[in-house]
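Asker: Sharing a structure, written as structure tokens. Questions coming.
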Amino acid sequence: MNNSNLLLLAGTSKGLVLYTRNRRWTLKSIHFKGLPVSMVYTDTRSGRWWVAIGHKHWGQKLHYSDDRGATWSAAATPKYPEGEEVHEGKPASLNYIWSIAAENSRVWVGTEPGGLFLSEDGGGSFYLNQPLWTHPTRPDHWFGGGRDEAGIHSIVIDPRNDDHIYVGVSCGGVFETHNGGVSWETRNKGLKADFIPIHGSIAGHDPHMIRMFQKKPELLWQQNHCGIYKSEDGGANWKEISGLDGFPNYGFVMAISQKDENMAWVIPAVSDQMRIPLNESLVVCRTDNGGQSWQEQRTGLPQKGCFDIVLRHSLDIWDETLAFGTNNGNLFLSEDFGENWTCLNNYLSAVFVVAFTST
């Protein structure tokens, strides 16, 4: 397929890097040089690009561009209301912007320590979604895992209904609203949480990434701390689809095809305790049958002495083209569903997010 109309955006700890294809993939431009880019989101409806920046001195900031990065404007920064507490005695303040989802003027932002914010004026102002923040599970079942506090990393919106939304909270679980955030229900039935003593707990789970098949929104995929899962009933029930031999199982990222409902990719690591590739060999795993089996894809990837892992937003797909970036600044691309990989760059800083968009 001719991918000459594609752009690849890579958000790194030292800036936003854009690649374009004209016969071959080349570096196009760099934005926010020297600044950590924690999230990139491209709104396919409006064409607006959103970027979250983590300034060391000025804190978390949001920027947007309506001209594909030629110019950038500052949006409002989500702010926890005065008096809100993460837990008793600890005031809530914005530590990290971890997810963005938008439909024209309505913009959702997921943060650490577990707040979901909404703007209804295109980023001019944000307010905290109180029904999720005050959900009865939060005081006792939300907690930090890899980060200090719980964080919202996935915001998945039903293409048929903008008020039907799922969020993934690490650590907290999957939550669903049918009314634009007025109320939320837990959606964790069938998930394991080996790190908590209560089997079958309604919350306290650790989803790492949630994906929705847009043509059939009741079909959800999840890479979890405790395995790979799929739901065919809108999250009411989850079924584990990890590899039968225990690999793949643990990992952070997941991509799914939007043309074939049975096709998905993960990039596994050894375990929570050992966050490196198995046998120091970088591998992508793909299923073509809805998770019944997984095949390893290694061609073009380092197979000796590799300690790279792929963070949860650092894998994306556009038709048959996939790209992922690693914590060590390596950026890989495949144009044949992952069968063969090439390296676009070995010298980036840590890659936090990659995203394709059309020109």
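The values are calculated or read from the model by the stated rules, or taken from the named source; none is laboratory data. Here the structure is a predicted model, which is why all the values come from computation and not from measurement. Note that we place each Cβ from the backbone using ideal geometry, even for glycine, and neighbour counts take in every protein chain shown.
Asker: Consider only pairs whose beta carbons are under 7 Å apart and that are at least six residues apart or on different chains; among these, list those whose first residue lies in segment 87-100 and is free of Cβ contacts under 8 Å to residues at least 60 places away in the same chain and whose second residue is loosely packed, with under 13 Cβ neighbours inside 10 Å.
Answerer: Short answer, once both residue conditions are applied: HIS87/PRO139; PRO91/GLU85; ALA92/GLU85.
Asker: For segment 1-63, please list each of the strands (runs of 3 or more DSSP E) lying entirely inside it that holds at least 1 residues being farther than 23 Å from VAL107 by Cα and of a type in the set (Val, Ile, Thr).
Answerer: 15-22, 24-31
Asker: Let me ask something else. Output the residues belonging to segment 109-126 that are within 21 Å of VAL182 (Cβ to Cβ) and in contact (Cβ under 8 Å) with a residue 40 or more places away in the chain.
Answerer: Across segment 109-126, the qualifying residues are VAL109, GLY110, THR111, GLY114, LEU116, LEU118, SER119, SER125, PHE126.
Asker: Looking at GLY122, is it in contact with a helix residue (DSSP H, G or I) (Cβ under 8 Å, 6 or more places away or on another chain), assigned to a loop (DSSP other than H, G, I, E, B) and buried (at least 16 other Cβ atoms within 10 Å of the Cβ)?
Answerer: no
Asker: Mind listing whichever residues of segment 257-277 are farther than 19 Å from GLU240 by Cβ, surrounded by 15 or more Cβ atoms within 10 Å (Cβ to Cβ) and either without any contact (Cβ under 8 Å) to a residue 60 or more places away in the chain or of a type in the set (Lys, Arg) (or both)?
Answerer: GLN258, ARG275, ILE276, PRO277
Asker: Tell me which of these ASP163 doesn't satisfy, since it passes every other one: (1) buried (at least 16 other Cβ atoms within 10 Å of the Cβ); (2) modelled with pLDDT of 95 or more.
Answerer: (1)
Asker: Between VAL86, VAL109, which is of a type in the set (A, V, I, L, M) and in contact with a strand residue (DSSP E or B) (Cβ under 9 Å, 6 or more places away or on another chain)?
Answerer: Result of the check over VAL86, VAL109: VAL109.
Asker: Shifting gears a bit: Out of the residues in segment 293-326 meeting the condition of being assigned to a strand (DSSP E or B) and aromatic (Phe, Trp, Tyr), tell me which one is nearest to ARG211 (Cα to Cα).
Answerer: This residue is TRP318.
Asker: Examine segment 271-279 for a residue that is basic (Lys, Arg), part of a loop (DSSP other than H, G, I, E, B) and touching a strand residue (DSSP E or B) at 6+ places or on another chain (Cβ under 8 Å), and state whether such a residue exists.
Answerer: No, because not a single residue in segment 271-279 is basic (Lys, Arg), part of a loop (DSSP other than H, G, I, E, B) and touching a strand residue (DSSP E or B) at 6+ places or on another chain (Cβ under 8 Å).
Asker: Given the criterion modelled with pLDDT under 95 and either under 24 Å from SER13 (Cβ atoms) or among the aliphatic types (A, V, I, L, M) (or both), identify the matching residue among LEU311, LEU278.
Answerer: LEU278
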